[in-house]
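> I have a structure here, written as structure tokens, and I will follow up with some questions on it.
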2 protein chains.
Amino acid sequence: MTAAGHARSTPATGTNMPEIDGDRLWADIVSTARFGGTDKGGVTRLTLTEEDRQVRDWFVAECRSLGCMIEVDRIGNIFATYPGEDPSLSPIAVGSHLDTQPQGGRFDGILGVLAGLELIRTLKETATVLRHNLTVVNWTNEEGSRFSPAMMGSGVFAGASRLEAIDAVLDQDGTSVQTALETIGYRGETPVGQVGFAAYVELHIEQGPLLEAAATQIGIVTGVQGVRWFDVAITGTEAHAGSTPMAQRNDALVAASQIVLAVRDIAHRHLPGVGTTGFVAVGPNSRNVVPGAVQLQIDMRHPSEEGLDLMQAALEQIVGAIDAKIALTHIWSKQPVVFDPAIVDAVRASAEALGYSTTEVVSGAGHDAAHIAGICPTAMIFVPSKDGLSHNEAEYSSPEECARGAGVLLQTVLQIDLK
Amino acid sequence: MTAAGHARSTPATGTNMPEIDGDRLWADIVSTARFGGTDKGGVTRLTLTEEDRQVRDWFVAECRSLGCMIEVDRIGNIFATYPGEDPSLSPIAVGSHLDTQPQGGRFDGILGVLAGLELIRTLKETATVLRHNLTVVNWTNEEGSRFSPAMMGSGVFAGASRLEAIDAVLDQDGTSVQTALETIGYRGETPVGQVGFAAYVELHIEQGPLLEAAATQIGIVTGVQGVRWFDVAITGTEAHAGSTPMAQRNDALVAASQIVLAVRDIAHRHLPGVGTTGFVAVGPNSRNVVPGAVQLQIDMRHPSEEGLDLMQAALEQIVGAIDAKIALTHIWSKQPVVFDPAIVDAVRASAEALGYSTTEVVSGAGHDAAHIAGICPTAMIFVPSKDGLSHNEAEYSSPEECARGAGVLLQTVLQIDLK
């Protein structure tokens, strides 16, 4: 066990399993928020910027000081590997991302990386030697706010994107990903995807309100929702709001409003699916002109492909039944991800062994783990987000919540290591 | 009667009443479209511009050549008066406006002025002497697209606005109404409102689809709809479109869509009222963010104040019943106008005497006549607008339709003159 005097996560079991140090983890969360810290207590640390370089350098130095081997691949993913007994085994990997949204929070992403660091500290401090190497990963550009797409590093790693194409992606200032990597010194030598993992477990804040609403301590993440995006173009007839009788109108906004409500209703009929119309553009958008044109952008999500099929079919049926000229276009999809049942079971067993209340959730947001699930057994652990807030300077998870998540992460790694 | 060889409106009655010359009227419509004419056959003749000066100068010269006395008041309204027998009587007035919208049409406004000119030509040619003077009026800035408010000249004339306030109104380039009047030489000497009328009759295109749909030749305009404008601000909760379950959403756009449909439904329950949501602004307006804020702008119209009261009450009730934080603000009103029954009867009798099919309509658009109705007996005559189009280069009424309208205007003036 570790030195006395530190706050500990308090397992219900009486075994001699190593325990993470919640105070130490919290101190890291607080101190790393200085890299890109904002006046309002949030963080603006866009990928591959000077702020990102600072936090990466800090992370690499900390890991090196603990005896980790550092590898950086061509897309800038950082792999910090703490040695286990059997170097012939593929490492168990944990991690997440160090980048944030503009005016983002102190927890989204970095919690999973700092928890990995805390695992290594705990293993070293308790002289615990795993069979597998333990690799803590920082994936490049999870957020996608400077360079698109999001989850860029894990996407190239898992083969969802080609490095050559991603290297050429430009930010708004015309800087390419490759140039940005070279500028901050994280254009590594390791070919992307060369490292293989025995398993990957990612701790992350929930970024939603479910755990808090259920007063649950740990979210057992069983997968990631699939997504389908639709564009809608409605062509009505622009007309004088005073002199055009109701019976002779062809009001594009009335049709659009029917679609907005249909999207909501379809989601309610296909729970746990969600449906959102987030974007509306009205032409000419003048109080006393009957709208002649409306564009909508729709986002539908569901844990299963069948659910998405049903939601799309319902949308197509309702749009077809509306008496207006409507073009509905399915512009983009992401298939649902179902995490590995054995790793999900290990997370559940670990949380239960520590005496924490749990809820199974399907992530509504995308995560690096969704890419990695395609190449190795993967699962995720969620901790509550206060008021469900994320991508927001007010983002908050308490020291206890973070410590519980890291504790579950450690126990999960220990369980996987035994197999 | 007039010289042979001209096309004539063809009254069904066999009396010896003077008749307007439809070909001559049409030739004026075609030729005046050169003042601000566009490549697509429309007109851009914003008020108090060089193009407006050109058409005004042409109109004044034509009226002078017919023996009219010209007066221009301080707001630039032009009064061309053709003498009758009894100068002690207040003149009968007809007219409309010579200005247009940007990329407007060849008929909106100018038809009523040119028809007045055609009346004077007909009276002169047939040596018809009325008891009353006949005044043809061009009202300044009916359209309101360069200077706000619309119906500016008639508004000052009728006492709805103060000249001093209107003089100071600026266009987008910072030019005041007063400066614009002086620049084109139409800052007249006559105090505004000094001229009194025995009656005012305005011929105008319908700018709506009712007459065409009813295959009716003449619209007997019994009044002008009242208008109420409402602003709506809906405050929801901005949230992640993936991770926020449907049951925990507070989607401002869903509430807004319910209001859009309610505005439509309320109008249908209070016909001939109309209701329009013409403007929508969504925040943050991003596909994958549940909308946290929506602003709507609503326009409701009805021929009666009671109808407007019922529509507003229904809107307030529905907004109050929607489970969201909604601020509904009544920002502006215009009371309904009911035209003078005797003048309306004179229009009806004239149209029937000429054998034209008629429909009673309440104008959905505002007109100078709505102001003038407050100070003297007033009515309007509508002729059909092809496809209901107006404020549009494709605006069209046929030569026959224009001639019928001018014919009814002449007979109406003759009837009023007899009383």
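> Which residue, of A:393, A:360, A:400, is out of contact with any Lys or Arg (no Cβ under 9 Å at 6 or more places or on another chain), in contact (Cβ under 8 Å) with a residue 12 or more places away in the chain and surrounded by fewer than 24 Cβ atoms within 10 Å (Cβ to Cβ)?
Testing whether each residue is out of contact with any Lys or Arg (no Cβ under 9 Å at 6 or more places or on another chain), in contact (Cβ under 8 Å) with a residue 12 or more places away in the chain and surrounded by fewer than 24 Cβ atoms within 10 Å (Cβ to Cβ) leaves just A:400.
> Next up: Going by the conditions given, is residue A:296 assigned to a strand (DSSP E or B), at pLDDT 95 or above and either under 14 Å from residue A:275 (Cβ atoms) or not assigned by TED's automatic domain parsing to the domain that holds residue A:244 (or both)?
Yes.
> Hey, another quick one. Which is under 19 Å from the mean Cα position of the chain (by Cα), buried (at least 18 other Cβ atoms within 10 Å of the Cβ), farther than 25 Å from residue A:251 by Cβ and of a type outside the set (D, E, K, R), of A:351, A:346, A:369?
Numbers: A:351 fails: under 19 Å from the mean Cα position of the chain (by Cα); A:346 fails: under 19 Å from the mean Cα position of the chain (by Cα).
Just one listed residue meets the conditions, A:369.
> (1) more than 8 Å from chain A (Cβ to nearest Cβ); (2) modelled with pLDDT of 95 or more; (3) surrounded by fewer than 17 Cβ atoms within 10 Å (Cβ to Cβ); (4) not in a strand (DSSP E or B): which one isn't true of residue B:323, the others all being true?
Exception for residue B:323: condition (2).
> Quick test of your reading of the structure: residue A:81 fulfils all but one of (1) of a type outside the set (A, V, I, L, M, F, W, C); (2) touching a strand residue (DSSP E or B) at 6+ places or on another chain (Cβ under 7 Å); (3) farther than 23 Å from residue A:200 by Cα. Name the failing condition by number.
Just one mismatch for residue A:81, condition (3).
> Check B:222, B:244 and return the single one that is at pLDDT below 95, in contact with a strand residue (DSSP E or B) (Cβ under 8 Å, 6 or more places away or on another chain) and of a type in the set (Ser, Thr, Tyr).
Details: B:222 fails: at pLDDT below 95.
Answer to the selection: B:244.
> Contact list please: Cβ distance under 9 Å, first residue in the stretch A:331-347 and free of Cβ contacts under 8 Å to residues at least 12 places away in the same chain, second residue of a type in the set (Gly, Ala, Ser), pairs at least six apart or on different chains.
Pairs found: A:341/A:379; A:345/A:379.
> Which condition number does residue B:257 fail, the rest of (1) at negative phi; (2) part of a loop (DSSP other than H, G, I, E, B); (3) modelled with pLDDT of 95 or more being met?
For residue B:257, the exception is condition (2).
> Next up: Identify the residue in the stretch A:243-255 that is at the interface with another protein chain (Cβ under 7 Å from one of its Cβ atoms) and surrounded by fewer than 22 Cβ atoms within 10 Å (Cβ to Cβ) and, among all such residues, is nearest to residue B:367 (Cα to Cα).
Out of the qualifying residues, it is A:245.
> Scan the stretch B:172-184 residue by residue and report those that are in contact (Cβ under 8 Å) with a residue 12 or more places away in the chain and in contact with a helix residue (DSSP H, G or I) (Cβ under 7 Å, 6 or more places away or on another chain).
Once the filter is applied, which keeps residues that are in contact (Cβ under 8 Å) with a residue 12 or more places away in the chain and in contact with a helix residue (DSSP H, G or I) (Cβ under 7 Å, 6 or more places away or on another chain), the stretch B:172-184 yields B:177, B:184.
> If you don't mind, another one. For the list (1) hydroxyl-bearing (Ser, Thr, Tyr); (2) crowded, with 23+ Cβ neighbours inside 10 Å; (3) in the same structural domain as residue A:369 (by TED's automatic domain parsing), I need the number of the one condition that residue A:216 fails.
(2)
> For residue B:188, are the conditions met, namely being assigned to a loop (DSSP other than H, G, I, E, B), modelled with pLDDT of 95 or more and more than 14 Å from every other protein chain (Cβ to nearest Cβ)?
Judged against the criteria, residue B:188 is a match.
> Is at least one residue of the stretch B:295-316 crowded, with 20+ Cβ neighbours inside 10 Å, more than 7 Å from every other protein chain (Cβ to nearest Cβ), touching a Pro at 6+ places or on another chain (Cβ under 8 Å) and aliphatic (A, V, I, L, M)?
Yes, there is a match, as at least one residue in the stretch B:295-316 is crowded, with 20+ Cβ neighbours inside 10 Å, more than 7 Å from every other protein chain (Cβ to nearest Cβ), touching a Pro at 6+ places or on another chain (Cβ under 8 Å) and aliphatic (A, V, I, L, M).
> So how many residues does the stretch B:218-242 have that are part of a loop (DSSP other than H, G, I, E, B) and within 8 Å of chain A (Cβ to nearest Cβ)?
Here the count works out to 3.
> Moving on. Go through (1) touching a residue at least 40 places away in the same chain (Cβ under 8 Å); (2) in a loop (DSSP other than H, G, I, E, B) one by one and return the number of the condition residue A:148 breaks.
With (1) touching a residue at least 40 places away in the same chain (Cβ under 8 Å); (2) in a loop (DSSP other than H, G, I, E, B) applied to residue A:148, the lone miss is (1).
> Hey, among A:161, A:88, which residue is more than 23 Å from residue A:347 (Cβ to Cβ), free of Cβ contacts under 8 Å to residues at least 12 places away in the same chain, assigned by TED's automatic domain parsing to the domain that holds residue A:368 and over 13 Å from the mean Cα position of the chain (by Cα)?
Sole residue among the options that is more than 23 Å from residue A:347 (Cβ to Cβ), free of Cβ contacts under 8 Å to residues at least 12 places away in the same chain, assigned by TED's automatic domain parsing to the domain that holds residue A:368 and over 13 Å from the mean Cα position of the chain (by Cα): A:88.
> Just checking, does the stretch A:268-285 include any residue being crowded, with 16+ Cβ neighbours inside 10 Å, more than 30 Å from residue A:223 (Cβ to Cβ) and more than 10 Å from every other protein chain (Cβ to nearest Cβ)?
yes
> Could you tell me whether any residue of the stretch B:25-34 is modelled with pLDDT of 95 or more, in contact with a Lys or Arg (Cβ under 7 Å, 6 or more places away or on another chain) and surrounded by 12 or more Cβ atoms within 10 Å (Cβ to Cβ)? Show your work before the answer.
Narrowing the stretch B:25-34 to residues modelled with pLDDT of 95 or more: B:25-34.
Applying the additional criterion that residues be in contact with a Lys or Arg (Cβ under 7 Å, 6 or more places away or on another chain) yields B:29, B:33.
Now narrow it down to the ones that are surrounded by 12 or more Cβ atoms within 10 Å (Cβ to Cβ): B:29, B:33.
Yes: the stretch B:25-34 contains one or more residues that are modelled with pLDDT of 95 or more, in contact with a Lys or Arg (Cβ under 7 Å, 6 or more places away or on another chain) and surrounded by 12 or more Cβ atoms within 10 Å (Cβ to Cβ).
> Residue check: is residue B:250 on the phi > 0 side of the Ramachandran plot and either in a loop (DSSP other than H, G, I, E, B) or of a type in the set (Gly, Ala, Ser) (or both)?
In short, no.
> Give the number of residues within the stretch A:134-186 that are polar (S, T, N, Q) and touching a Phe, Trp or Tyr at 6+ places or on another chain (Cβ under 8 Å).
Residues flagged as polar (S, T, N, Q) and touching a Phe, Trp or Tyr at 6+ places or on another chain (Cβ under 8 Å) within the stretch A:134-186 amount to 5.
> When you look at residue A:179, is it among the hydroxyl-bearing types (Ser, Thr, Tyr) and either part of a helix (DSSP H, G or I) or within 26 Å of residue A:378 (Cα to Cα) (or both), yes or no?
Taking the combined requirement at face value, the residue satisfies it.
> Keeping to the stretch B:101-122, report how many residues are touching a Leu at 6+ places or on another chain (Cβ under 7 Å) and not acidic (Asp, Glu).
The total comes to 12.
The values are calculated or read from the model by the stated rules, or taken from the named source; none is laboratory data. In this text, all values refer to a predicted model and were calculated from it rather than measured experimentally. As a convention, Cβ positions derive from the backbone with ideal geometry for all residues, glycine included, and neighbour counts pool all protein chains shown.
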